[in-house]
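Right, one structure below, let's go through it.
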Amino acid sequence: MNKLVRVVGCLGLFAAGYWCGQGEWSSANELRAQQADAARQGASQDTLRKIRVAQDSVADAQASLENEQLYVPAIAGTNSFAVMVGGLNAVQDLERGLGVDPETFVGLYAGFATEEVAPKLDYDDEGRLTYDGRLVRLYPKSRLRQLKAQQEKIAAGDE
């Protein structure tokens with residue numbers, strides 16, 4: 001009899017929990033719905049305007065760096081990382097097998113290579129991207145740290 005009471009009690013608790021869960025009486029459901037609504041709304045109009053202004057400024061800086069022959073892209077579009085560090089020659093880095101900056105790396109993998117670079121891109125037998133037969137890699141950590149420090153100097157006006 002004692003065992004029967006325990007089994008019925010456990011089943012009753014389980015049923016009550018299931019019933020409460022189906023009733024959506026928990027505040028956790030409301031939180032999830034609120035988070036989903038916030039994610040769908042996206043950035044405010046003011047924030048989007050600021051992003052457009054920043055993109056325009058980066059594009060202007062890119063054009064200046066290209067005129068000064070300090071920016072040679074391997075991907076189409078704006079490479080904000082290369083611009084913010086004062087320019088990079090991504091094509092030369094690919095040719096030398098030195099690695100590339102993160103934005104170039106992503107752009108190459110996503111299929112945004114320039115017309116000059118695209119014919120030399122391929123994949124090895126493991127599905128990794130290659131350029132002229134060499135594996136495309138990110139810059140080493142030391143180079144990334146150097147570029148980050150350079151970016152901070154430029155932002156602080158200490159260029």
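The values are calculated or read from the model by the stated rules, or taken from the named source; none is laboratory data. What you see is a predicted model; the values in this text were computed from it and never measured. Note that each Cβ is placed from the backbone with ideal geometry, even for glycine, and that neighbours are counted across all protein chains shown.
Residues in segment 56-81 that are touching a Ser or Thr at 6+ places or on another chain (Cβ under 7 Å) and assigned to a helix (DSSP H, G or I): Val58, Ala59, Gln62.
The one condition from (1) of a type in the set (Asp, Glu); (2) in a helix (DSSP H, G or I); (3) surrounded by fewer than 12 Cβ atoms within 10 Å (Cβ to Cβ) that Asp125 does not meet is (2). Assess whether Pro102 counts as being modelled with pLDDT of 95 or more, at negative phi, loosely packed, with under 12 Cβ neighbours inside 10 Å and not hydrophobic (A, V, I, L, M, F, W, C). It is false that Pro102 is modelled with pLDDT of 95 or more, at negative phi, loosely packed, with under 12 Cβ neighbours inside 10 Å and not hydrophobic (A, V, I, L, M, F, W, C).
Under the condition of being aromatic (Phe, Trp, Tyr) and part of a helix (DSSP H, G or I), which residue from segment 82-115 is farthest from Arg145 (Cα to Cα)?
Tyr109
Applying a threshold of 7 Å to beta carbon distances and a minimum spacing of six or more residues, or different chains, the list of pairs starting in segment 97-110 at a residue that is within 12 Å of Gly77 (Cα to Cα) and ending at one that is hydrophobic (A, V, I, L, M, F, W, C) and part of a helix (DSSP H, G or I) reads Glu103/Phe81; Glu103/Ala82; Thr104/Ala90.
Per the listing Ser64, Ser27, the residue uniquely at pLDDT 95 or above and out of contact with any Phe, Trp or Tyr (no Cβ under 8 Å at 6 or more places or on another chain) is Ser64.
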